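In what follows, a single structure is set out as structure tokens and then discussed.
The values are calculated or read from the model by the stated rules, or taken from the named source; none is laboratory data. Here the structure is a predicted model, which means the values were calculated and not measured. In this analysis, Cβ positions are derived from the backbone assuming ideal geometry, glycine residues included, and neighbour counts consider all displayed protein chains.
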Amino acid sequence: WLSPEIRRARERPLPDRWDYSRAKAEFEKKFLGEALRHFNFHRARTAAAIGLTRQGLFRLIKKYGLDRGVN
């Protein structure tokens, strides 16, 4: 049994800050940007250090527009 307050709260949409996909993308972009800068945009070293394949890192760089000097 749920109180009327709790039932009403469950029916309201979540605020944007609780959007998991958006929060994950923001974290991923920031994390990758910091890692790339740390390794002076040496992609092979960056990929190895964070546990991605080079191809996986290249895909994410393109996805987030993280080419050198952009962010």
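Please tell me if R54 is charged (D, E, K, R), at pLDDT below 95 and out of contact with any Phe, Trp or Tyr (no Cβ under 6 Å at 6 or more places or on another chain). Spelling it out, it is not the case that R54 is charged (D, E, K, R), at pLDDT below 95 and out of contact with any Phe, Trp or Tyr (no Cβ under 6 Å at 6 or more places or on another chain).
Do we have R17 as surrounded by 13 or more Cβ atoms within 10 Å (Cβ to Cβ), free of Cβ contacts under 8 Å to residues at least 12 places away in the same chain and either basic (K, R) or assigned to a helix (DSSP H, G or I) (or both) here? So R17 fails the test.
Results for (1) surrounded by 10 or more Cβ atoms within 10 Å (Cβ to Cβ); (2) among the charged types (D, E, K, R); (3) out of contact with any Cys (no Cβ under 7 Å at 6 or more places or on another chain); (4) not in a helix (DSSP H, G or I), shown as yes or no for each residue.
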| site | (1), (2), (3), (4) |
| --- | --- |
| E5 | no, yes, yes, no |
| R10 | no, yes, yes, no |
| P13 | no, no, yes, yes |
| S21 | no, no, yes, no |
| E26 | yes, yes, yes, no |
| A35 | yes, no, yes, no |
| F41 | yes, no, yes, yes |
| R45 | yes, yes, yes, no |
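Contact map, region 39-51: residues that are closer than 11 Å to R68 by Cα and at pLDDT 95 or above paired with residues that are of a type outside the set (A, V, I, L, M, F, W, C) and outside any loop (DSSP other than H, G, I, E, B), Cβ distance under 8 Å, separation 6+ or inter-chain. Pairs shown: R43/R54. Scanning region 61-71 for residues that are in a loop (DSSP other than H, G, I, E, B) and at pLDDT 95 or above yields G65, L66.
Inclusion of F58 among residues that are of a type in the set (F, W, Y), surrounded by 13 or more Cβ atoms within 10 Å (Cβ to Cβ), out of contact with any Pro (no Cβ under 6 Å at 6 or more places or on another chain) and assigned to a helix (DSSP H, G or I) is warranted.
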